[in-house]
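See below for the structure under consideration.
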There are 2 protein chains.
Amino acid sequence: MLKVISVDECINLFGNIRIVEDEEVDIDDALNRVLSTDIVSKQNLPGFNRSSVDGYALKAKDTYLCSESMPAVLCYKGEIKIGIKPEIDIEDGECVYIPTGGMMPKGADGVAMIEDCEGLKGDIVVNKSLARWENVVFEDDDVACGNLVIGSGTTINSNHAAVLSGLGKTRVRVKRRIRVGIISTGDELISPYDEQEVPKVRDINGFYLKQVLKEDGCLPNYYGIVGDDEEDLYNSVKMALDENDMVFLSGGSSAGNRDFTINIMERLGRVLFHGIAVKPGKPTLMADCHGKYIIGLPGHPLSCAVVYRFIIKKLIDSMYCRKRDELYIEGAMAQNYHKAKGREEYLPVTIKDGIVNPIYVKSSAISVIARCRGFVRIERDAEGILEGQRVEVLL
Amino acid sequence: MLKVISVDECINLFGNIRIVEDEEVDIDDALNRVLSTDIVSKQNLPGFNRSSVDGYALKAKDTYLCSESMPAVLCYKGEIKIGIKPEIDIEDGECVYIPTGGMMPKGADGVAMIEDCEGLKGDIVVNKSLARWENVVFEDDDVACGNLVIGSGTTINSNHAAVLSGLGKTRVRVKRRIRVGIISTGDELISPYDEQEVPKVRDINGFYLKQVLKEDGCLPNYYGIVGDDEEDLYNSVKMALDENDMVFLSGGSSAGNRDFTINIMERLGRVLFHGIAVKPGKPTLMADCHGKYIIGLPGHPLSCAVVYRFIIKKLIDSMYCRKRDELYIEGAMAQNYHKAKGREEYLPVTIKDGIVNPIYVKSSAISVIARCRGFVRIERDAEGILEGQRVEVLL
């Protein structure tokens, strides 16, 4: 009996998936990797009280009630240099020049801005009264020791690289990259590098999967095209399974060769499901082979891309323990769209000026993939979308 | 006289920037590169008339008015294999088995689905009438020869890789990568790899710029930290300028060292502007050095990131002739936000359930960069945003 499951059931399965191990990498190599521990600050930042302006560090009480008509006159004790510990302590009636970012000297509890001060025969005249700690950044204003700064499961981008370098975290623990073997199957397939002879078809899925796996931080290994022969395919899958964490088999799930894809899966492990109630993408299979996985993906390129984007990506996220924000744009449907009940559907659309137009798919995979801006998810039991209805276009 | 320009004036300047040359790369290396020519199909796709179902190819007129109670009985002439040119021609009263994706045989103009047919002593019984060309995909249904498939200026992602491989475009012309030298300046700076001694500060901008430039498809070259010394800095900038298309100098634009940054720029080329009327990020400088550029970026990490994100990224896009869609999320402001007139402002915010909260910045660069979900742009002459007002959060 062939087991067809819903998208939700499929994603629930991924809750029990094998999670990959950690490794440590340099921050320069951490871009697009998934953080496997929380980043907690081990220190206060900036780590010392500093001035937020160019001016004079002083005791705020010395400027009490002073103004242009009744300025404070303070004894100038010298200059603090940026990056150097001040050697001057401020006593009553004294001040010292401090640049933006300079470390506050002992005794000072405020900085008068340079535009509010004047020099007078070696003294400094302050024309404005100052509140205590005015223009001072405290040592833990940015980050306090013990603060959670970046959460585990975050995909590291350039902003996180900035934060990590600010904390001195030059080595970070991330999930090691998932290795994925890719096999394209079908007697009709040829390499895009080869001359096309009608009615051969170029392998699109293998090249798509290679690149999308890179985007998702995996290490793809492309094993090329295998014809519709069970033993050839078995040998290729077995080798790819030995050398990787997962094997993606594209095209091996359509009616013509589903049977021997299932046979191969059963020879190497246990089939988890034989289909997913999703449109497009129903002919998707998965087997658990002792903690490694074989995924049979539809041969039709648009179906393969949809199943990857909305289902297999979540499997990869689960293996990485990745937390991801779904990005979408809102818009209004330009026309009614009718859908049959019983299958969750991902409708390719364009969106312009807030108007969402479905792209009608015959078998025109390439033009849809090129034009499509995103997908509208329509729930399993919905019967369609009405003209003018607000929808989320998933990117 | 110091020349401070508006954000719009600055971006207009980029219209006259030097555009980088093309190079040819393999599709496997094309991810995240900017396409420098239109991709126009040189052929029809799929390139031959094919069946969209498993079934029997036949002449549609032979099924005219037929039904389960009055089926058509057709002479079975054999089987078409996928990927192989059919050698059978269909005459009146004949049919041939065809799999999904199989090439239509001569003479046939429709495919009866397998579920509407039965075998009968070597003949095939068709229980349903068929329209002409039903279940047939025409040779140019996906892409017609001469169609524009991907436009010049597109940043190549995995979807484009799929399309390119489908077209057999295994080599593509892209912009060569822009080489950017990065120098961090300031006597207070130390490397994140070194032990921090108060009041030294770790170099954040250098590490941020390295990673963000990679994200934007450039080749960053980090030259490390240079102290506040004009001759040292001149020598470093000169070397970096020789070896790259651009040099980013972070921290060399604050009050303390702006003068010698300007001197260096004038020694090597012509200063285009000394500041931008933007908050944060005003102390941003740019010089044209005979078709190469020096950019002086603010030392404050949040300012540096904002200037990169909203201004310098557009310079890079101009050099690549990149077309980019601005991504944003809409939401409602949680509170009033007051702003001074005269500077365009980029307000860091969080967004949750459609509610946008400003992050108030003192000098807390790292915590803001870590928490910030995006920025709200407030126009130059606006005085702020009202509670409840709809805003776009730029990602």
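The values are calculated or read from the model by the stated rules, or taken from the named source; none is laboratory data. The structure presented is a predicted model; accordingly, all values stated were derived computationally and were not measured. Cβ coordinates were reconstructed from backbone atoms using ideal geometry, including for glycine residues, and neighbour counts include every protein chain displayed. The protein model used for the area step is the full one, side chains on, heavy atoms only, and it has no ligands, DNA or RNA in it. Shrake-Rupley method; radii C 1.70, N 1.55, O 1.52, S 1.80 Å.
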Quickly run through segment B:41-63 and pick out the residues that are modelled with pLDDT of 95 or more and either over 39 Å from the mean Cα position of the chain (by Cα) or among the β-branched types (Val, Ile, Thr) (or both). B:55, B:56, B:57, B:58, B:59, B:60, B:61, B:62, B:63
Here, strands (runs of 3 or more DSSP E) confined to segment B:246-313 with at least 2 residues that are farther than 20 Å from residue B:202 by Cα, open to solvent by 20 Å² or more (accessible area, probe 1.4 Å) and modelled with pLDDT of 95 or more are B:270-273
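Yes or no: residue A:77 more than 14 Å from chain B (Cβ to nearest Cβ), more than 30 Å from residue A:158 (Cβ to Cβ) and either of a type in the set (Lys, Arg) or assigned to a loop (DSSP other than H, G, I, E, B) (or both)?
So residue A:77 fits the description; yes.
Find the residue count for segment A:1-49, including only residues that are of a type in the set (A, V, I, L, M), within 14 Å of chain B (Cβ to nearest Cβ) and open to solvent by less than 50 Å² (accessible area, probe 1.4 Å).
The first filter runs over segment A:1-49 and keeps only residues of a type in the set (A, V, I, L, M), leaving A:1-2, A:4-5, A:7, A:11, A:13, A:17, A:19-20, A:25, A:27, A:30-31, A:34-35, A:39-40, A:45.
When the remaining residues are screened for being within 14 Å of chain B (Cβ to nearest Cβ), the result is A:25, A:27, A:30-31, A:35, A:39-40, A:45.
Now narrow it down to the ones that are open to solvent by less than 50 Å² (accessible area, probe 1.4 Å): A:25, A:27, A:30-31, A:35, A:39, A:45.
Residues that pass the stated criteria total 7.
Could you tell me whether segment A:163-170 includes any residue that is open to solvent by 10 Å² or more (accessible area, probe 1.4 Å), more than 8 Å from every other protein chain (Cβ to nearest Cβ) and either closer than 21 Å to residue A:228 by Cα or β-branched (Val, Ile, Thr) (or both)? Working first, answer last.
Within segment A:163-170, the first condition is being open to solvent by 10 Å² or more (accessible area, probe 1.4 Å), and the residues that meet it are A:167-170.
Filter once more, so that each one left must be more than 8 Å from every other protein chain (Cβ to nearest Cβ): none.
No, the conditions are met nowhere in segment A:163-170.
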Which condition breaks for residue A:333 when tested against (1) more than 23 Å from the chain's Cα centre (by Cα); (2) at pLDDT 95 or above; (3) surrounded by fewer than 17 Cβ atoms within 10 Å (Cβ to Cβ)? (3)
Any hit, segment B:121-129, residues being open to solvent by 50 Å² or more (accessible area, probe 1.4 Å), of a type in the set (Lys, Arg), facing chain A (nearest Cβ under 9 Å) and free of Cβ contacts under 8 Å to residues at least 24 places away in the same chain: no
Show the residue pairs meeting these rules: Cβ distance below 7 Å; 6+ apart or different chains; first residue within segment A:137-161 and at the interface with another protein chain (Cβ under 9 Å from one of its Cβ atoms) and more than 27 Å from residue A:319 (Cα to Cα); second residue buried (at least 21 other Cβ atoms within 10 Å of the Cβ) and of a type in the set (Val, Ile, Thr). A:142/B:366; A:143/A:149; A:143/B:366
Within segment A:211-232, restricting attention to residues that are facing another protein chain (nearest Cβ under 7 Å) and not charged (D, E, K, R), which residue is farthest from residue A:314 (Cα to Cα)? A:211
All positions within segment B:336-363 that are within 13 Å of chain A (Cβ to nearest Cβ), open to solvent by 10 Å² or more (accessible area, probe 1.4 Å) and over 25 Å from the mean Cα position of the chain (by Cα): B:352, B:353, B:354, B:360, B:361, B:362, B:363
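Which of the following residues is aromatic (Phe, Trp, Tyr), out of contact with any helix residue (DSSP H, G or I) (no Cβ under 6 Å at 6 or more places or on another chain) and either touching a residue at least 24 places away in the same chain (Cβ under 8 Å) or facing chain A (nearest Cβ under 8 Å) (or both): B:208, B:193?
Working: B:208 fails: out of contact with any helix residue (DSSP H, G or I) (no Cβ under 6 Å at 6 or more places or on another chain).
Checking each option against the conditions leaves just B:193.
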Filter result (in a strand (DSSP E or B), hydroxyl-bearing (Ser, Thr, Tyr) and touching a residue at least 24 places away in the same chain (Cβ under 8 Å)) within segment A:334-391: A:337, A:346
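On the basis of being at pLDDT 95 or above, within 23 Å of the chain's Cα centre (by Cα), open to solvent by 60 Å² or more (accessible area, probe 1.4 Å) and more than 10 Å from chain A (Cβ to nearest Cβ), does residue B:177 make the cut? Reasoning before the result, please.
Values: at pLDDT 95 or above: yes; within 23 Å of the chain's Cα centre (by Cα): yes; open to solvent by 60 Å² or more (accessible area, probe 1.4 Å): yes; more than 10 Å from chain A (Cβ to nearest Cβ): yes.
In short, yes.
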